[in-house]
Amino acid sequence: MAMLRRLSAAAIAAAALLGVQAAPATAVGPAVVSRGVEIPDFYTPPAALPGADGALIRNEPLPLALSLPSIGGPLPGTATRLMYKSTDSTGQPVAVTGAYIEPAAPWLGGGPRPLVALAPGTMGQGDQCAASMGLEHPISLNGRTVSVGYEDLAIYRLLLRGTAVVVTDYIGLGATDRLHTYVNRVDEGHALLDAARAARSVPRASVTAASRVGLFGYSQGGGASAAAAELRSSYAPDVNLVGTAAGAPPADLREVVPGIDGSDITGVLGWSLNGFLQTDPSLRPLAESHLTEAGRAALEDLSTMCIGDALFAYGGTESRAWTVDGASLSEVIASEPALKATLDAQRIGDLKPSGPVRVSTGTADDVVPHGQARQLAVDWCGKGANVTYKPVLLPSGGEQALTNHFLPLLADQGDAIGWLTDRLVGLPVVSNCWTMPVQP
């Protein structure tokens, strides 16, 4: 936890150096209370939704916290807050929020300006944690809530290359009508692909249906991007997908749970369980039969938290502290076929992705384990996909250290953006599947 506190302090200090003010995660104007936190009224979905996936429901200007005035408009671009329609994993219509940023930098490649649909990494489960709010308030202190918009760095790097960026908040994060369905591959993949569709309808946006589209994400975002690449051919063939950069994807949740359990980010297990129980209420009696009163209270508590809150409140906690017989969550899953089937249905790698894909993973990452992320690349290679696999070679910071998962994000981000930009320009890429022998 000492390392975690140093990392958190460093993040806040870096934001301060950039001139960021700590502010509530609310905008000026009407607000609603969602699970005890005030959320701008914009995020409340209407009673009726449009029929088409990706249809824009509403939009409004979004002030960027880090923005400079210029003759040609604000730098690095002009942002718009979005709400758009998607379809969840049960086939039901759903409203999703996010943000579109039109860059000030010109696009110097051929064709219309391209678009990157960015899938955020883990933000939390409280609506106040949404990535679109993080663009306005990179560091948000709202009561006990600590929210950090750490995806802003990647977004700004992409904008400076002249690519437009659309960010999804995912299903249930931001929009106040339900809980965020954390690491649900279909919900996340659909939300990301529909964000790319919605971007075309943003007033004064320069992207079109012909624009090349790239997907980008790390950790939860890596899994969402990978899932979207697999789902694109059946769900969104109109999205002109030319490349997907998926960093540290949680592709096999049964392999991921043991790495998370007892780490600084144990709280994400609660977010996963909350989401799956919302999607399939028939699992609730089964799950609750294994949970103590403290376990049920932890799930309720976590449902309102952002990643910063969960790090401090539940970092280092083992899931066996939440169960009636002291079994870990992995052991509970192994003993219950219905829970095993739920996690197996989330596995990424069973479908061939559309277009070239880049999978990167830190070789020392034991939080979102390197082995299962690498296996995703191997599985895709076996399906004939054009795969670029990039192991990020960094020393281990210790068993289940958050730095094992966090530092590869920083070390590889520039290369990942460079690879994706080459795809947006139209440059070809040759698979390096031959570099991956069977052993990890």
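The values are calculated or read from the model by the stated rules, or taken from the named source; none is laboratory data. Everything numeric here is computed off the predicted structure, so don't read it as measured data. Every residue, glycine as well, gets a Cβ built from its backbone with ideal geometry; the counts of neighbours run over all protein chains shown.
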Out of Thr208, Thr244, which single residue is buried (at least 24 other Cβ atoms within 10 Å of the Cβ), polar (S, T, N, Q) and at pLDDT 95 or above? Thr244
Can you name every residue in segment 276-291 that is over 17 Å from Val332 (Cα atoms) and either among the hydrophobic types (A, V, I, L, M, F, W, C) or not in a helix (DSSP H, G or I) (or both)? Asp280
So Thr44 ticks every box in (1) modelled with pLDDT of 95 or more; (2) buried (at least 22 other Cβ atoms within 10 Å of the Cβ); (3) in contact with a strand residue (DSSP E or B) (Cβ under 6 Å, 6 or more places away or on another chain) but one. Which box is left unticked? (2)
I'm trying to understand the selection: among the residues of segment 366-395, which are without any contact (Cβ under 8 Å) to a residue 24 or more places away in the chain and assigned to a loop (DSSP other than H, G, I, E, B)? none
Exactly one condition in (1) touching a Lys or Arg at 6+ places or on another chain (Cβ under 8 Å); (2) closer than 25 Å to Thr403 by Cβ; (3) part of a helix (DSSP H, G or I) is not met by Ala334; state its number. (2)
Working only within segment 317-354, note down all residues that are in contact (Cβ under 8 Å) with a residue 60 or more places away in the chain and in contact with a strand residue (DSSP E or B) (Cβ under 7 Å, 6 or more places away or on another chain). Pro353, Ser354
Hey, can you tell me all the residues within segment 304-327 that are in contact with a His (Cβ under 9 Å, 6 or more places away or on another chain) and of a type in the set (Gly, Ala, Ser)? Ala327
